[in-house]
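Please read the structure below before turning to the comments.
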Amino acid sequence: MKTKHVFESSEGLVVKSLRGAVALNPSLRLHKGSKSVFICDRSPTARVSIISGGGSGHEPAHAGYTGRGMLTASVAGDIFASPSASQVFTAIQLALASCKQAEFSEKKEVLLIINNYTGDRLNFGLGAERASTLLGTHVESVVVADDVSLLDQDPPSLVGPRGLGANILVCKLLGAAAESGLALVELKSLGDAVVDNLASIGVGMDHCHVPGRPKDSVGSLKDGECELGLGLHNEPGARRMQIGSAENLVQEMLKQILDCRRKRSPKHTDEEGGDRDFIFPGDEVVLYLNNLGGISQLEMGAVVDEALSQLASLDVFPTRVYSHAYMTSLNAPGFSISILNASATYRRLSENSSAKLSATVPQILSYLDAPTGASGWLGVRSWPSAKEGEHRDRNVEEQETESLLQSLSSHQSGDKMFRSGAANNQKTWEAINLVPVQVEKGLRSACEAVFTVESELTHFDAEVGDGDCGTTFANGARAVLSALDNQQIGVRDMSPPSFIRKLSEVLEDSMGGTSGALFGLFFTALSRELAEGESFRSAPLRALNALSKHTPARPGDRTLVDALAPFCDALAHGEGFREVVAAAMQGAEETRYMKPRLGRSTYVPMDGEGVGAVPDPGAWGVAAILSGVERGISDPIE
Ligand SMILES: Nc1ncnc2c1ncn2[C@@H]1O[C@H](COP(=O)(O)OP(=O)(O)O)[C@@H](O)[C@H]1O
Ligand SMILES: O=C[C@H](O)COP(=O)(O)O
């Protein structure tokens, strides 16, 4: 595995890289704070804004696919961690603003293209909810879940298949369809039909290394070995196997794609036609290969050739062929093969009575052929002419974007109400038996505890996930300490509900990822419960119940809920703080032996030697936070 980088740390790397992407295309602007890139000269024909995004490390996704005929705006999280809900909300605002101001109020329709990862689903979902409430935006989502490598899991995971590199094919198709003037309901029908008939599988020769992470944070593969059923985030593949030969590898990958209908879990059988072929004779299909970043172009060309000749031997002759590093996993030496069945997409649209669009196969293919101004797809073909001696000044452009966002706040309704939430409640800390000095000490100590376990969390998450859990938790802890230090939040100056509400905003803005969304939701609910008069003993359990509406995770599913639930329960039952923290730690410890049904661990085979021995990183982090609080407060809470 290559661990040498041009930039030895990931600090500031994402924004720098986004600036690079914007420099390639004069039609783009960057909003640094939210890591959003948007079109500043949107075409008049597009009625709907198309937005996608996700963690960084997948470049040129998604900034490189922002441009006329593809995405109106994109939003990036940290490396391999989804952007937060507030980032998504800002991206939506900027996409809407890219219409001329006069048209702003009429073009409030947004389609989100979301890859099926928990963090992305939660954060894009919450960002969309906020846009509907505050801007009156009508938002629909198309969820890309094209990975066929884990369809026969038993019991089936609650997460569903991952989204792989064919996400970009969906962005291209829907971006061009939006450019042609389709309405939101039509785009949603088209998108759903496309993702239902899209199947992909990835393979990796080795893992990639994230700049700045410990060099041994991810294990290397042995000579001659590969991992089949690979995601985009460096998590272990569905299974290890001998490469054998390139022909065998491509054959195995195509077989999994062509058999995907038969492999779908029984619960999908009725609605999705389980036990059927993925391709019928005469179907028009698109072959799409995605280089994860580390395979030579020479070999990729040969893989295209191999895939085409094997498909020809099965009487399948793709009408369109694409191969490029569309959506990378840093520089991972791997690739994925995807097939989009355009004929089946057409059938699905014409047979489904609830579909709001009918589109012929040539029409569907025309969306792929349509020109785009997005540099990552074909490269920008025509540059707007600049006056002699006129140069772009990125500082001026970024300042203009800040001003634009500020001016947009006048279009929002109810922002103040949303932001302050429970802030009006004047109940004091003393009234709920907490001493402000102790609360601050506990909070600071919790942040220190996160730094202590950061590398452990990275290690656990690298074993069973994508290795970003330590960074995500540490980002949150750093932001909380800095918010306390610069008095952005102050325990003494704020009532408990307002303080917790602000804390949730700080966490939500700084963390991203699944855990950032879950913390944001939990603390928002906690603030509301306190404002409604619940005590510090009863409010956390009620907040946990509120969280349960956004995630199906329950104790036993091997998530951070396994640490949080015993804590909330024990607190509600009147146990002392030492005991409630011990309950959380025991819950986290027990995750070592649990089989995951949620989160990224579901993609990883857990029966393998040693893998099951690590606890769930999120649960471990929550337990560390709580024991940090315990260390920080010298007296019991009551
Ligand atoms: N659906 C879910 N519900 C509750 N907790 C979850 C869920 N999915 C993942 N988690 C928790 O999130 C932790 C990972 O957090 P994070 O690194 O932010 O996730 P990711 O990188 O996958 O977005 C997991 O260890 C698990 O505790
Ligand atoms: O690159 C990361 C993806 O957007 C998934 O995000 P997540 O790991 O937070 O679910």
Flag for residue 126 being open to solvent by 20 Å² or more (accessible area, probe 1.4 Å) and within 16 Å of ligand 2 (Cβ to nearest atom): yes
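Among the residues of the range 320-327, is there at least one that is more than 28 Å from the chain's Cα centre (by Cα) and either assigned to a loop (DSSP other than H, G, I, E, B) or over 30 Å from residue 467 (Cα atoms) (or both)?
yes
Within the range 339-348, how many residues turn out to be more than 27 Å from the chain's Cα centre (by Cα) and buried (at least 24 other Cβ atoms within 10 Å of the Cβ)? Don't jump to the end; show me each part of the working.
Pass one, the range 339-348, residues more than 27 Å from the chain's Cα centre (by Cα): 343-344, 346-348.
Remaining after also requiring buried (at least 24 other Cβ atoms within 10 Å of the Cβ): 344.
Result for the range 339-348: 1.
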Write out, first by first residue and then by second, each pair whose Cβ atoms fall under 8 Å of each other, whose residues are 6+ apart or on separate chains, and whose first residue, in the range 512-540, is within 16 Å of ligand 2 (Cβ to nearest atom) while the second is open to solvent by less than 20 Å² (accessible area, probe 1.4 Å) and among the aromatic types (Phe, Trp, Tyr). 514/117; 515/473
As an exercise: evaluate residue 80 against (1) within 16 Å of ligand 1 (Cβ to nearest atom); (2) under 28 Å from residue 294 (Cβ atoms); (3) at pLDDT 95 or above and give the number of the one condition it does not meet. (3)
From the list 316, 361, exactly one residue is over 25 Å from the mean Cα position of the chain (by Cα) and touching a residue at least 60 places away in the same chain (Cβ under 8 Å). Which is it? 361
State the number of residues belonging to the range 56-94 that are closer than 22 Å to residue 323 by Cα, touching an Asp or Glu at 6+ places or on another chain (Cβ under 8 Å) and open to solvent by less than 10 Å² (accessible area, probe 1.4 Å). 2
Identify, please: which residue in the range 135-150 is open to solvent by 20 Å² or more (accessible area, probe 1.4 Å) and modelled with pLDDT under 90 and is, among those, farthest from ligand 1 (Cβ to nearest atom)? 136
Restricting attention to the range 194-226, which residues are of a type outside the set (A, V, I, L, M, F, W, C) and outside any loop (DSSP other than H, G, I, E, B)? 196, 200, 202, 204, 225
Within the range 35-45, which residues are crowded, with 24+ Cβ neighbours inside 10 Å and away from ligand 2 (no atom under 14 Å from the Cβ)? 36, 37, 38, 39
Counting only residues in the range 189-222 that are of a type in the set (Ser, Thr, Tyr) and crowded, with 19+ Cβ neighbours inside 10 Å, the one nearest to residue 162 (Cα to Cα) is identified as 200
Would you mind telling me which numbered condition in (1) at pLDDT below 95; (2) surrounded by 18 or more Cβ atoms within 10 Å (Cβ to Cβ) residue 132 fails? (2)
Go through (1) among the hydrophobic types (A, V, I, L, M, F, W, C); (2) open to solvent by 30 Å² or more (accessible area, probe 1.4 Å); (3) closer than 20 Å to residue 117 by Cβ for residue 7 and report which single condition fails. (3)
Considering residues that are in contact (Cβ under 8 Å) with a residue 12 or more places away in the chain and closer than 15 Å to residue 618 by Cβ, the number found within the range 553-582 is 14
Does any residue of the range 440-447 turn out to be of a type outside the set (D, E, K, R), open to solvent by 60 Å² or more (accessible area, probe 1.4 Å) and more than 18 Å from the chain's Cα centre (by Cα)? no
For the range 249-262, check the following and say yes or no: at least one residue is modelled with pLDDT under 95 and basic (Lys, Arg). yes
Qualifying positions in the range 492-549 - more than 27 Å from the chain's Cα centre (by Cα), open to solvent by less than 20 Å² (accessible area, probe 1.4 Å) and not hydrophobic (A, V, I, L, M, F, W, C): 495, 496, 497, 498, 529
Sort through 597, 592, 542 and tell me the only one that's modelled with pLDDT of 95 or more and outside the structural domain of residue 124 (by TED's automatic domain parsing). 542
Mind listing just one residue for me: the one in the range 455-482 that is more than 12 Å from ligand 1 (Cβ to nearest atom) and open to solvent by 10 Å² or more (accessible area, probe 1.4 Å) and, of those, modelled with the lowest pLDDT? 459
Please determine whether any residue of the range 40-61 is within 16 Å of ligand 1 (Cβ to nearest atom) and either more than 22 Å from the chain's Cα centre (by Cα) or of a type in the set (S, T, N, Q) (or both). yes
Can you find a residue that is surrounded by 11 or more Cβ atoms within 10 Å (Cβ to Cβ) and modelled with pLDDT of 85 or more anywhere in the range 380-392? no
Qualifying residue in the range 437-447 (condition: within 12 Å of ligand 1 (Cβ to nearest atom), touching a Lys or Arg at 6+ places or on another chain (Cβ under 8 Å) and in a helix (DSSP H, G or I)): no
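The values are calculated or read from the model by the stated rules, or taken from the named source; none is laboratory data. Since this is a predicted model, take the numbers as computed values, not measurements. Note: ideal-geometry Cβ built from the backbone for every residue, glycine included; neighbour counts use all protein chains shown. What goes into the accessible areas is simple: the full protein's heavy atoms, side chains included, and nothing from ligands, DNA or RNA. Shrake-Rupley method; radii C 1.70, N 1.55, O 1.52, S 1.80 Å.
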